[in-house]
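Below: the structure, in structure tokens.
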Amino acid sequence: MKLKQRTIRVLCGVAITLLMLVPVLTGERFQLIERLELDLYDLRLQQSLTKEQDPRIVIVDIDEKSLAAEGRWPWGRDRIAVMISQLLNHYGVAVVGFDMGFPEPTKRLSVDDMTKIWQPGKSLAEVVSELDPDGRLAEVISGQPVVLGYVFDQSQEDLRKGVLGEPWLVDERIESLEVPEARGVIANIRRLQQASDWAGFFDNPSVDPDGVYRRVPVLQHYQNGYYPSLALAMLMALMDSKEITPLIEQDITGRLNALVGIDAAGIQIPTDQSGAVLVPYRGYQGSFPYVSATDVISAKADLSQLEGAIVLIGTSAAGLLDLRVTPMQNRYPGVEVHANIIAGMLDEQLRSKPDYILGVELLQLLLCGLILSLVLPRVSVVGAFVTTSALIILVTAFNYYAWQELLIVVSLAYTVILCLILFLFLQLTGYFFEVRNRRQLKSTFGQYVPPELVDSLSLAGTRLSMEGDHRYMTVFFSDIRGFTQLSETLSPAQLTDMMNIYLTAMTKIIHQHGGTVDKYIGDAVMAFWGAPLEDPDHATHAVQAAIAMRQKMPEVNARLAEHGLPELKIGMGLHCGYMNVGNMGSEFRVAYTVMGDAVNLASRLEGLTKFYGTDLIISEELANNLKAKRVLELDLVRVKGRQEPVHLYTVMDEEQAEFVSAVDAFLLRYREGAWEQAAVLLQGLRQEYPEQYLLNLYFERMSDNGFQPPKGWQPVFSHTEK
């Protein structure tokens, strides 16, 4: 039964594991588990953050200080031209990128505006700059490593603002892939676009369902080609190259499989199938140096901080709405997202989820599911908890190693959920089967053994079977002396009361000493020790129970007297040996019982108690198995149905040690045939212990033969009736 139940639990665990593989294989993943996966991703990311700034990338920030000094946003493009000129000429930066766009031209100036501009003291260049700010900005960025920004739109197909340059990549091989498809664009005015060689989009169509910026595409498809992101365009401007090559994996048939990355002038940039990179956040806001835009315009910024740096122009001012939700902060400057991507590209430290990670996740799920399905049904609750915890820790450690050292993101949520589901399910089914087994045990053994023993059987996992078991045990019989005559003098109600009082007391003692009640045979009680739960001290426990019954009889008789019932005397027989035990009977009725020659001998011993004037007789086999008990040998006899002689003993108190030794000395002379010496010893014993019935029995046996052993005499007494 246990094996069958364990097999059922194993098969259920395997079935749950296979069911968990289905959404992973099909891609139809559960939203709740996917949300947990995103949370686990954020947790891993937060554990790998650094507090050190990256000085290679500097953010020129249009902050509150700049707005207060230069006026409200948007600024005139002549002022932006001054800022770019300062960055390129005074500070010598490597490349400048705009996290903003210029989709509309500056409005034409009125006569009043021109009058204000044309004032004495202004140089011609200043006047021209103010009269044509767009031209001034175009002049400043012309031929310089300045990357303009623009925005794609995925919803409005007829949205067209500004001019978009030529696509950087035209590759028919990736047209069928999942790269975001833009329908509209908000680009820069023609004069600026024609002046600049570089531009990139700064929108993000790959925001996760919870609104968090974890992925950003480096390519978007628009009309007839592919365009780079702001971060990718700035990297290429830094390297003065526009050569990008898609990295495409193919299956063994040579058919197109997936986009796995791009090669940007020799730098391998891993992407997912939609051309997005995982943003390698360095830390919280401030992971890159910030310089106020007004300090750049007025040339007050630190030269050493900007010289040779990659500069991103953006804003952290709350009113300009360039704040994003990221795994670290809910209000994170969008310009710093691009900075993190640029840093990751330069260091080639972009994490990825390659296609083979699906196989790793499936293998991870399958191994964890099979291990738990096979192990948990075989161990305890504590063992199951330790095993499940250890497996989750091991998988998490492998996951973190892949994250930290291999820069690979291995999915973890489904594996953790599977481990928890298997733990809970297998423990619940184990509890269900355990309750069921205990009920069956109580149903089978509840009438024979105490509840404590039934619980022990449940904990021990004892298997119930109709087959008998050959086991070394102790069997017990007891009987009421003169029961037939007593029953004839009592009414049925009185007889019932008497048996209830007597059997309840005796059964309770048997249970207290770990015995199993086999059956009641009228007034007789049959019990055994050593089954169904094995007991290495079954002989000692059986004798302890018999002595307790002997000591209990005065109390039982007192209760009987209270009910006007006669006093009872009992006889008990005990023997240990090999016997068959199990559920035995017919197809109509079975009983948990013992059978064999050892059982028959115990019954014979109980019947001899009256003959020897004692309430307890045990066999030599039992006496040899007792621990710290004083026994008195009664006789060497041959019982009915058994040819081999049996030594009979009874259990005495410790204070009767001298009597036991004296009887042993008498029996030694008696069995040697030295009856004259034996008679002397017997006479002395009778004078000292006149109440001992056994001494009178031997006196009569010897006196019937004139105190001389008869011819051919053997020291074995035959009982023909018992």
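The values are calculated or read from the model by the stated rules, or taken from the named source; none is laboratory data. Predicted, not measured: the structure shown is a model, and the values here were computed from it. Neighbour counts run over all protein chains shown; Cβ positions are idealised from the backbone, glycine included. When the accessible area is computed, the model is the full protein with side chains, heavy atoms only, and any ligands, DNA or RNA have been set aside. Shrake-Rupley method; radii C 1.70, N 1.55, O 1.52, S 1.80 Å.
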### Message
What does the charge count around residue 526 come to, taking other residues whose C-beta lies under 13 Å from its C-beta (Lys +1, Arg +1, Asp -1, Glu -1)?
### Response
-3
## Note on the structure
Of the candidates 45, 180, 677, the farthest towards the positive dipole end of the chain (Lys/Arg Cβ +1, Asp/Glu Cβ -1, centred on the Cα centre) is 677
### Query
So what is the relative contact order of the stretch 615-703, in percent, for Cα pairs below 8 Å that sit 6 or more residues apart?
22 percent
### Query
Hey, any idea what % of the chain's accessible area is carbon plus sulfur with a 1.4 Å probe?
53 percent
### Query
Based on Cβ point charges of +1 for Lys and Arg and -1 for Asp and Glu, what charge dipole magnitude is obtained for the stretch 539-662 about its Cα centre, in debye rounded to the nearest 20?
320 debye
#### Entry: Per-residue HN-Hα couplings for the stretch 208-213 [Karplus 6.51, -1.76, 1.60; θ = phi - 60°; Hz; x = Gly/Pro]
5, x, 8, x, 9, 7
### Task
Check cross-link reach from residue 65 to the aspartates and glutamates: straight Cα distance under 15 Å, and skip same-chain residues fewer than eight apart.
295
### Summary
Low-density loop trypsin sites (Lys or Arg not before Pro), the stretch 30-77, at most 10 other Cβ within 10 Å, DSSP non-H/G/I/E/B, are 51, 72
### Message
Apply the Karplus curve 6.51 cos²θ - 1.76 cosθ + 1.60, θ = phi - 60°, to the phi angles in the stretch 596-602 and return the couplings in whole Hz, x for Gly and Pro.
### Response
x, 4, 5, 5, 4, 5, 4
## Note on the structure
Charge dipole of the stretch 629-722 built from unit charges on the beta carbon (Lys, Arg +1; Asp, Glu -1), centred at mean Cα; most positive-end Cα among 718, 693, 641 is 641
### Query
Quick one: if the Förster radius is 60 Å, what FRET efficiency do residue 434 and residue 521 give, using the C-beta to C-beta distance and rounding to 0.05?
0.95
### Query
Which far-off residues, 5 or more places away or on another chain, put their amide H under 5 Å from the one on residue 535, with H placed in the peptide plane?
530
### residue 386 versus residue 49: modelled label distance in nm, points set 7 Å from Cα along the beta carbon direction
3.8 nm
### Query
What are the residues whose amide H is under 5 Å from the amide H of residue 220, where those residues sit 5 or more places off or on another chain and H is modelled from the backbone?
227
### Task
Taking the Cα centre of the chain as origin, sum charge times position over the Cβ atoms of Lys and Arg (+1) and Asp and Glu (-1), and report the length of that vector in debye to the nearest 20.
1700 debye
### Summary
Hits in the stretch 464-508: amide N under 20 Å from the 7 Å Cα→Cβ extension of residue 587, namely 465-468
### Query
Nearest 20 debye, what's the magnitude of the dipole of the stretch 588-722 about its Cα centre given +1 on Lys and Arg Cβ and -1 on Asp and Glu Cβ?
580 debye
#### Entry: Backbone HN-Hα couplings from phi across the stretch 535-545 [Karplus 6.51/-1.76/1.60, Hz, Gly and Pro as x]
9, x, 10, 4, 5, 4, 5, 5, 5, 4, 5
### Task
Go ahead and estimate [θ] at 222 nm for the chain from helices alone: -39,500 (n - 2.57) per DSSP H run with n ≥ 4, summed, over the residue count, rounded to 500.
-14000 deg cm²/dmol
### Message
Let me check I've understood the local charge: for residue 574, count other residues with C-beta under 11 angstrom from its C-beta, Lys and Arg +1, Asp and Glu -1. What total comes out?
### Response
-2
### Task
May I ask you to give the solvent-accessible area per residue for the chain, in square angstrom, as obtained with a 1.4 angstrom probe?
49 Å²
### Task
Considering only DSSP beta bridges where both residues belong to the chain, give the percentage that are antiparallel (nearest 5).
70 percent
#### Entry: Farthest toward positive dipole pole in the chain [+1 Lys/Arg, -1 Asp/Glu at C-beta], among 283, 17, 60
17
### Query
When only DSSP loop residues count, what trypsin sites (Lys or Arg not before Pro) in the stretch 301-384 have their Cβ near at most 12 other Cβ atoms within 10 Å?
331
### Message
Tell me the angle of helix 675-688 to the major Cα principal axis of the chain, expressed in degrees between 0 and 90 and rounded to the nearest ten.
### Response
70 degrees
### Task
Sort 403, 73 from largest to smallest accessible area, using a 1.4 Å probe on the heavy atoms of the protein chains.
73, 403
### Message
Largest first, please: the extent of the C-alpha atoms of the chain along each principal axis, to the nearest Å.
### Response
164, 54, 51
### Task
Kindly flag which residue pairs out of 508/610; 508/569; 552/629 have an alpha-carbon separation exceeding 21 Å in this structure.
508/610
## Note on the structure
The aspartates and glutamates whose Cα lies under 17 Å from the Cα of residue 300, excluding any fewer than 8 residues away in the same chain, are 61, 63, 64, 70
#### Entry: Full-extension gain in nm, residue 683 to residue 653, via 0.36 nm per residue minus C-alpha separation
8.5 nm
### Summary
The rounded separation in angstrom of the Cα centers of the stretch 61-92 and the stretch 533-583 is 106 Å
### Task
Compute the acute angle (0 to 90°) between the alpha-carbon long axis of helix 492-512 and the principal axis of greatest extent of the alpha-carbon atoms of the chain; round to the nearest 10°.
60 degrees
### Message
Could you tell me the calculated FRET efficiency between residue 407 and residue 223, based on Cβ-Cβ distance and R0 = 45 angstrom, to the nearest 0.05?
### Response
0.85
## Note on the structure
Sorted by chain and number, the residues with a modelled amide H under 5 Å from that of residue 91, at a separation of 5 or more or across chains, are none
